[in-house]
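Structure, as structure tokens:
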Amino acid sequence: MKKYLVGLLAFLVLGLGLGMAQQRGGAITIAIQTEPAAWDPTQVAGADISRVVYDNVLQGLVKRNPKGEIVPSLASRWTVSNSGLTYTFTLRQGVKFHDGSDFTAQDVLAKFNRARNPDTRASGHLRPDLYRDIANITSPNPSTVVFSLRQPNNDFLFILSRPESLIGPRQRPLAEQRVQPIGTGPFRFAGWERGVAVRLERNPNYYVQGLPYLDRVNFRFLGDGDAQLAGLRAGDLDVIAYSLLPENAVVLSRDSNFKVFSGSATAEAVAGFNNSRPPFNDVRVRRAITLATNKDELIQGAMLGYGTKIGSMRSPGEACYVDLSNFNAYNPDEARRLLAEAGFTNQNPLRFTFNLAAEFPYERRIGEAMVAQLNKLGPLQVTIQVTDFNTWIQRVFSQADYAMTIIGHVEANDTSNYANPRYYWRYNSPRFQQLYTQYLRAPNQTKACEALAAAQRLLAEDAAGVWTMSLPALGAYRARIQNWPDGFLTPAISVAEVWVRQ
């Protein structure tokens, strides 16, 4: 009898283990908020581009994993010289692009020579400023690429992990790469049904043996939160990857058919000023608007408590974070005094337009609640203008044709954007640029964090934006989905290791 029980127990344990082993095949459909205008993040800005293609379709020399760690990708390893000026990468061998061509060192050289070309019209590359420290790129042999820097840059590996650093075939026309990117990732870009979805299919020649598990992944454009909930319940969707409405999270958490997650993220909901446009070039006005914003009320009212109050451009989970959440704390009387000092009163109010992108429910509800707070103050009359996200990208992000807006900045380490006076906030502070340069050139982590902490404090003192909160990675998926990455410490919705319990 004892042997029988032991044998039965072993059978059950083995059976349970087999039941939870990764299973191959199947397809899932994931809801994302927006339909980007293109799918190459080296040419076009937009978080949903990276969520779909980063490490799923396109890859770089290194990548950020779901924990936010920088790990090998197309480079199997690397070394950094003692001077911090030379980065040597050993490339993976036998890797092929989805079109069957070989990935070689020449693709790396072509990519980064294009990326650092300051003539963006000629290169088609978004951010040459990221690569200005590169003095030279060479390939001493087919498996090695060497970057020589003009000066040390503590962010260089992070820059290589950004979506702008993803690599495609060097002969691929940029116009074709925009709409159907070819990369080396576990999935190939199989189709784009405009207005509906994009489809990824398993790459049978992927260099990591055994991956991916899924045959197909569909990313469906569905920005309406209630439509997402209905689609998940009806079985039309398998995952709401992010921006699950807080009230819908409460509903789904009561249903055993679904799993709700609230993971770590590096997303700041930033109510940004055009710092170059009067009167927002006046620190008194910017500070007054910050003081008139009740962040605690926004978190509890608009987000049902999901969100963490912040006071500068950094999320609590990031290195060198400084808690400035109570800096410029809610004080409507002081806000009125500063506005009066700047010439704005109830009789002569400051009137401006607050731009919102229609597809982002968190930012819309936070922005609408914030505008309601500002309009209660008296000396402010704020009008909301809602556009689609592609119009927002063109008008606000690209042309800086706006007064104030709010958007979620999901990229890690994006404090650096304030060092670029041409970025859409148009913040031009020589002191901030000096501090950020000190951070980049610092000889050790302690000195780097000291400089970055001072930079965060300066942003708060200048009220260069209203950093309302750090947003959660709030989503849900059907219970049969396994190994779903709950956090957003990477630019991607990483699906290579996701599988479906049959």
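What the table below lists for this structure:
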read-out	value
Extension gain, Gln209 back to Arg480 (0.36 nm per residue minus Cα-Cα distance, nm)	95.2 nm
Cα pair distances in the stretch 108-175, grouped into 5 Å bins until the bin that holds the longest one, percent each	3, 16, 26, 29, 17, 7, 1
Distance in nm between pseudo-label sites at Asn136 and Glu368 (7 Å out along the Cβ direction from Cα)	5.8
Sum of -39500 (n - 2.57) over DSSP H runs of 4+, divided by residues of the chain (222 nm, nearest 500)	-8000 deg cm²/dmol
Between helix 430-441 and the chain: long-axis angle, C-alpha atoms, 0 to 90°, nearest 10	30
The chain: angle of helix 2-19 to the longest principal axis, Cα-based, in degrees nearest 10	60
Spherically averaged projected area in nm², based on the convex hull that wraps the Cα atoms of the chain	26.6
Residue-span extension gain [Asn113 to Gln385] - 0.36 nm each, minus C-alpha spacing	93.9 nm
The chain - share of DSSP beta bridges that are antiparallel (%, nearest 5)	75
Leading residue at positive end of dipole, the stretch 265-472 (Cβ point charges), from Gln445, Gln433, Gly305	Gln433
Contact order relative to length of the chain, as percent, for alpha carbon pairs under 8 angstrom and 6 or more apart	22
Cα centroid of the stretch 182-205 to Cα centroid of the stretch 444-502, whole Å	25
Estimated vicinal HN-Hα couplings, Hz - the stretch 369-377 in sequence order (Karplus 6.51, -1.76, 1.60; Gly, Pro = x)	5, 5, 4, 4, 5, 5, 6, 6, 5
Cubic angstrom per residue, convex hull over Cα atoms of the stretch 328-394	102
Local net charge near Arg314, Cβ-Cβ under 9 Å (Lys/Arg +1, Asp/Glu -1)	-3
Over 31 Å between alpha carbons, listed pairs Lys67/Lys96; Lys67/Lys376; Lys67/Lys309	Lys67/Lys376
Computed E for Arg337/Thr437 - FRET, C-beta separation, R0 45 angstrom, nearest 0.05	0.80
On Cα atoms only, tilt of 445-462 relative to the major axis of the chain in degrees	40
Over the stretch 265-472, equivalent-ellipsoid semi-axes from the Cα gyration tensor in Å	26, 19, 17
Full-extension gain in nm, Gln394 to Ala37, via 0.36 nm per residue minus C-alpha separation	127.5 nm
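Each reported figure results from applying straightforward, stated rules to the coordinates on display, with no laboratory input. Because the structure is predicted, anything quoted here is derived from the model rather than measured. Heads up, the Cβs are rebuilt from the backbone with ideal geometry, glycines too, and the neighbour counts pull from every protein chain shown.
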